[in-house]
Amino acid sequence: MATRLKWQKSSFSGGGEGNDCLELASTPTTLHLRESDTPTTVLTTTPTALAHLLAGIRARAVPGQA
């Protein structure tokens, strides 16, 4: 049986009524991210992989980062 995800709007999305926000849901082992204007497109990752990506972006180590 599939687990129903509880989506939360990012606190950085602002208080407007538009559909331009990032939403996050989690399970014990995965994180799910989506744009509110395209809710059927979901990026699923692990906390460790996301932490490594963010660390690389912060260090400007990801290819293509200006």
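By accessible area of protein heavy atoms, probe 1.4 Å, what ranking do Thr27, Thr40 get, highest first?
Ranking Thr27, Thr40 by accessible area, largest first, yields Thr40, Thr27.
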Built amide H within the under 5 Å cut-off of Cys21, gap 5+:
Ser36, Asp37
Under the Karplus relation with 6.51, -1.76 and 1.60 and θ = phi - 60°, whole-Hz ³J(HN,Hα) for the range 41-48, x at Gly and Pro, equal 9, 10, 9, 10, 8, 9, x, 5
Added length on full extension, which subtracts the Cα-Cα distance from 0.36 nm per residue, Ser10 to Glu35
8.0 nm
Cβ neighbours within 10 Å, averaged per peptide: list 30-37, 42-49 in order, most packed at the top.
30-37, 42-49
³J(HN,Hα), Karplus 6.51/-1.76/1.60, whole Hz, each residue of the range 20-33, x for Gly, Pro
9, 9, 8, 10, 10, 9, 9, 10, x, 10, 9, 10, 10, 10
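How much length, in nm to one decimal, is gained on full extension between Thr3 and Thr46, taken as 0.36 nm per residue of separation minus their Cα-Cα distance?
13.8 nm
The values are calculated or read from the model by the stated rules, or taken from the named source; none is laboratory data. Note that the structure is predicted; figures quoted are calculated from it, not measured. Every residue, glycine among them, receives a Cβ derived from its backbone with ideal geometry; neighbour counts consider all protein chains shown. To get the accessible areas, we keep the full protein, side chains included, count just its heavy atoms, and leave off ligands, DNA and RNA. Shrake-Rupley method; radii C 1.70, N 1.55, O 1.52, S 1.80 Å.
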